[in-house]
Amino acid sequence: MPIITTSDGLPLSYATRGDADGAPVLFLHGFPLSSQLWDDAAGRLPQGFRAVLPDLRGHGATPPAPPGKDALEDPDPSVSRLARDLGELLDALGERRPAVLVGHSMGGYIAFEFFRLFPERTRALVLVCTRANADTEEAARARQIQIHTVLRDGSVAIAEQMLPRLFASSAPDSLREHWRGVMAGSDPRGVAWTLRALARRPDSTPTLPTIRIPTLIFVGAEDQITPPAVARAMHESIPGSRLEVVPGAAHMLPVEQPHAFATVLSEFLSQLP
Ligand code: MLT
């Protein structure tokens, strides 16, 4: 994968697919996954679009800290840092046009932050199995426990915790196994850095009514992590948004129902003003 260097010296890996001059579609994967989540959808974009597929800080091929630095000593892990990485990636690609942001779960939290930081660079939002609210105190405490777990037992322990809630009952074992491997292969310090950032993320609920750009919301009908009721509430708060509830999918919708996902996404992109 090609690499850009962010302003704090992090080598950020990314891929691009589709028309080299196409309008940018920035795909943001969830935690603790990688840009592979979008393999199928990115290969099926309509003409005139280019997929930009970063491995977010601490995930996939992107390390959690610049060379010589320790992610565990970062005083300020944040979704803001993750959103600024994306602005710097677009800058490095020479991309000044506003981008469509497609954010899965954690990627959605980052998309909200990107929209707040760079409204003029945000053309449309696609919110996939995500939520607007911040962590409750209980959820933030659970992340502290996960940080201890991942640093003691490795990322495989987090993969085992998450796996039972990620997929719909009908998902094949091969799909579960594949993603178990991706999660287990994550850098434990990257997982810990990200858990700290997620626990401190701001509440995006007040942002929802201010979103006046085309917005598509996806949710898996069987999603337990960000259930359909959560997606419906976001839909009601974002003026003019579209909600798509996909049967036969849970939290990993883009890989559980890749055809349905790519079809609706392509239709949405093709209709953008
Ligand atoms: C994700 O899928 O990105 C995570 O479940 C998000 C989270 O832990 O809040």
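Looking for something more than 14 Å from the ligand (Cβ to nearest atom), in contact with a strand residue (DSSP E or B) (Cβ under 9 Å, 6 or more places away or on another chain) and farther than 30 Å from LEU93 by Cα - is there at least one such residue anywhere in the range 189-205?
Within the range 189-205, not a single residue is more than 14 Å from the ligand (Cβ to nearest atom), in contact with a strand residue (DSSP E or B) (Cβ under 9 Å, 6 or more places away or on another chain) and farther than 30 Å from LEU93 by Cα.
Pick from ALA124, ALA111: which is within 18 Å of LEU243 (Cα to Cα), part of a helix (DSSP H, G or I), more than 10 Å from the ligand (Cβ to nearest atom) and small (Gly, Ala, Ser)?
Checking each option against the conditions leaves just ALA111.
Report yes if some residue within the range 196-205 is over 17 Å from the mean Cα position of the chain (by Cα) and either crowded, with 17+ Cβ neighbours inside 10 Å or free of Cβ contacts under 8 Å to residues at least 12 places away in the same chain (or both); otherwise report no.
No, every residue in the range 196-205 fails to be over 17 Å from the mean Cα position of the chain (by Cα) and either crowded, with 17+ Cβ neighbours inside 10 Å or free of Cβ contacts under 8 Å to residues at least 12 places away in the same chain (or both).
For the structure I just gave you, tell me whether PRO254 is within 25 Å of ARG121 (Cβ to Cβ), outside any loop (DSSP other than H, G, I, E, B) and of a type outside the set (Asp, Glu).
The answer is yes for PRO254.
Name the residue, out of ARG196, ARG200, ARG180, that is closer than 25 Å to SER34 by Cα and touching a helix residue (DSSP H, G or I) at 6+ places or on another chain (Cβ under 6 Å).
After ruling out the rest, the residue left standing is ARG180.
With the condition kept exactly as written, say whether any residue in the range 165-172 is over 21 Å from VAL245 (Cα atoms) and either buried (at least 21 other Cβ atoms within 10 Å of the Cβ) or at pLDDT 95 or above (or both).
Checking the range 165-172: not a single residue is over 21 Å from VAL245 (Cα atoms) and either buried (at least 21 other Cβ atoms within 10 Å of the Cβ) or at pLDDT 95 or above (or both).
Only one of (1) surrounded by 19 or more Cβ atoms within 10 Å (Cβ to Cβ); (2) small (Gly, Ala, Ser); (3) farther than 25 Å from ARG57 by Cβ is not met by ALA229, so which one is it?
(1)
Which number in (1) free of Cβ contacts under 8 Å to residues at least 24 places away in the same chain; (2) at positive phi marks the one condition that GLY58 misses?
Here GLY58 meets the rest and fails (1).
In the list ALA134, ALA159, ALA111, ALA140, which residue meets the criterion of being touching an Asp or Glu at 6+ places or on another chain (Cβ under 8 Å), closer than 25 Å to ALA250 by Cα and surrounded by 16 or more Cβ atoms within 10 Å (Cβ to Cβ)?
None of the other options fit; the residue is ALA134.
Okay, residues lined up against (1) under 25 Å from SER237 (Cβ atoms); (2) not basic (Lys, Arg):
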| site | (1), (2) |
| --- | --- |
| ASP91 | no, yes |
| GLU95 | no, yes |
| LEU101 | yes, yes |
| ARG121 | yes, no |
| SER155 | no, yes |
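The values are calculated or read from the model by the stated rules, or taken from the named source; none is laboratory data. In this text the structure is predicted, and so the values were computed from the model without any measurement. Reconstructed Cβ throughout: ideal geometry from the backbone, glycine too, with neighbour counts over all protein chains shown.
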